[in-house]
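Read through the structure below, which is laid out as structure tokens, and then see the notes.
The values are calculated or read from the model by the stated rules, or taken from the named source; none is laboratory data. Model, not experiment: these values are computed from the prediction. Backbone-built Cβ (ideal geometry, glycine too); neighbour counts: all protein chains shown.
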Amino acid sequence: MSQRPPSRMPGRASTRKAVVGLAVAVTALLALPTVAGAQEADPVAALGQQVNLLWIVIGAVLVIFMQAGFALVETGFCRAKHATHVVSTNFAIFGLGFVAFFLLGYGFMFGGFSYVLPGFDFGYAAPVGDAAIKFGDWVFLWKGGFALTDLSGPGGAAVAGYFLYMVAFMDTTATIPTGSMAERWQWKNFVLWGFFCGGVYYPLFGAWTWGGGWLNQLGNNVGLGFGYVDFAGSGVVHAMGGAAALAGAVVIGPRIGKFNKDGSANSIPGHHIPMAMLGTFILLFGWFGFNAASTFAATDVQFAVVAANTAIAGAFGAVTAMLYIMLKNDKPDPGMMANGMLGGLVAITAPCAFVSPPAAAVIGIISGILVIESIYFFERRGIDDVVGAISVHGVCGSFGVLAVGIFANGTYGAGWNLTTKGAAGEAAGITGILTDFSLGLRQLGSQAIGVAVIWVVMGGLCYLWFRLSDKITPIRSSEADEINGLDLPEMGALAYPEFEFAIEHSDPEVGERPLVGSSRGSVHEN
């Protein structure tokens with residue numbers, strides 16, 4: 001399977017999310033048997049197109065369900081007195097990011113699209129023909145098609161389905177900082193983040209990559225392999241979320257009592273480990289929609305390899321993290337096991353279509369160790385990341401992007417991003433240095449540039465955003481609210497109302513002692 005089925009697009013049809021034709025039915029997903037000016041369509045081909053569109057919608061639903069997994073993981077890893085607040089941020093971010101992406105983000109990310117197929121005019125919110133926007137420009141943001149106002153023509157249904165899939169990916173990015181900044185993020189400031197992420201932050205890098213912008217075109221413009229390649233979002237989705245999580249954690253500061261005067265860290269255990277583990281399994285389930293459905297076609301049977309690689313990397317990540325933490329601490333840490341699985345899943349997301357199953361296992365093994373060392377690294381530097389979001393998504397996501405240029409075996413993705421220059425051409429698929437050093441080095445160059453842009457440009461943008469938003473409305477809750485729990489003062493509701501919690505003692509210099517239950521129930525949080 002060196003390239004995608006020719007029925008999906010003519011010519012160099014293997015350009016996926018990223019380039020011309022992407023947003024509007026990279027699969028030419030048309031549910032209509034006839035179109036104006038075209039002859040009666042082949043019923044078999046029409047059925048294939050309808051099935052492919054259904055494949056994308058099912059994938060979108062699976063990715064949306066991942067929001068439930070994130071909510072359970074983050075809430076379980078937090079303390080009981082903040083549970084309502086944490087789960088509410090995970091719930092609300094879906095709507096906040098969705099609204100912003102619908103109104104602005106999708107048009108910014110894919111509004112530069114213009115492409116014509118024989119018999120079908122797929123120009124979406126952009127001029128077609130001679131006036132078409134040229135791909136490869138150093139675009140800041142595309143524009144057009146805001147609020148899905150242009151669904152006319154035979155490609156309208158495909159655009160709607162693709163929007164649903166992409167909005168689910170965006171919400172994953174948006175929810176990642178809610179884990180690193182949990183237990184002290186003021187609600188009003190969080191709301192501003194949801195709109196900013198869905199409307200500007202995610203679409204900006206998305207336009208440069210999956211939208212056909214300059215990173216996508218590094219192969220065409222400067223001969224760096226196939227340009228930036230990211231099959232399902234290790235970088236575009238996860239590392240972007242991880243960079244935002246780091247910027248937010250730096251600006252908001254650590255939780256009260258997390259670090260001592262000498263800089264040493266105190267353990268603040270989560271209140272519901274089984275909840276967090278269940279959330280991890282839900283994320284694993286949804287990840288198959290994340291990765292396998294990114295073929296955009298059930299007729300592209302490479303999705304079976306993608307699904308297998310996804311599971312392999314997740315399993316090896318979990319087992320490696322378990323064994324590695326046992327070597328360090330003698331006991332398997334449930335939180336580290338969960339993060340090991342998630343780290344493997346994040347890392348395999350970019351290369352999952354381009355690597356062999358043994359390579360997927362190696363990627364999972366590396367991720368299982370990398371995520372643990374990264375968590376310790378940031379903690380030693382005074383960064384309080386409640387759930388390990390920076391390490392799971394940011395660090396492992398960056399590794400996944402680089403893994404494309406290391407492990408890709410060249411058997412899939414010929415013509416990706418319409419690359420025409422350099423050694424990477426139609427004859428070869430995406431290739432890493434372990435398969436062909438010369439080809440792989442060029443590809444690794446594109447991947448490395450993408451990673452650098454995520455952390456320097458996009459991470460810097462997020463840092464400035466959180467600083468600015470703090471001037472609009474405070475980013476951090478008051479000290480009293482943080483000590484007593486954010487549930488009542490910020491949300492007006494307790495996660496566990498059968499218990500009335502009271503603070504026995506709190507000293508910002510020493511740290512917070514465990515909560516003790518009132519006469520209505522004796523509960524120790526830590």
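Quick notes
- Near pairs, Cβ below 6 angstrom, 6+ apart or cross-chain, from the stretch 358-378 (assigned by TED's automatic domain parsing to the domain that holds residue 329) to any residue that is outside any helix (DSSP H, G or I) and at pLDDT 95 or above: 375/388; 378/385
- Test: residue 475 is β-branched (Val, Ile, Thr), buried (at least 16 other Cβ atoms within 10 Å of the Cβ) and within 18 Å of residue 237 (Cα to Cα): no
- Any hit, the stretch 323-344, residues being surrounded by 21 or more Cβ atoms within 10 Å (Cβ to Cβ), closer than 21 Å to residue 229 by Cβ, of a type in the set (Val, Ile, Thr) and touching a residue at least 40 places away in the same chain (Cβ under 8 Å): no
- All of (1) surrounded by 19 or more Cβ atoms within 10 Å (Cβ to Cβ); (2) at pLDDT 80 or above hold for residue 43 with one exception: (1).
- Residue under evaluation residue 150, criteria (1) outside any helix (DSSP H, G or I); (2) modelled with pLDDT of 90 or more, criterion not met: (2)
- Total residues in the stretch 284-308, condition β-branched (Val, Ile, Thr) and in a helix (DSSP H, G or I): 3
- In the stretch 236-257, the residue that is surrounded by the most Cβ atoms within 10 Å (Cβ to Cβ) out of those that are over 15 Å from the mean Cα position of the chain (by Cα) and among the small types (Gly, Ala, Ser) is 248.
- Scan of the stretch 294-330 for residues that are farther than 27 Å from residue 388 by Cα and not charged (D, E, K, R), ordered by number: 295, 296, 297, 298, 299, 301, 302, 303, 304, 305
So that you can scan it fast, the table gives a plain yes or no per residue for (1) touching a residue at least 60 places away in the same chain (Cβ under 8 Å); (2) hydrophobic (A, V, I, L, M, F, W, C):
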residue: 251; (1), (2): yes, yes
residue: 267; (1), (2): no, no
residue: 274; (1), (2): yes, no
residue: 279; (1), (2): yes, no
residue: 312; (1), (2): no, yes
residue: 315; (1), (2): no, yes
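- Count of the stretch 383-407 residues, restricted to those that are farther than 24 Å from residue 175 by Cβ and either in a loop (DSSP other than H, G, I, E, B) or touching a residue at least 60 places away in the same chain (Cβ under 8 Å) (or both), is 2.
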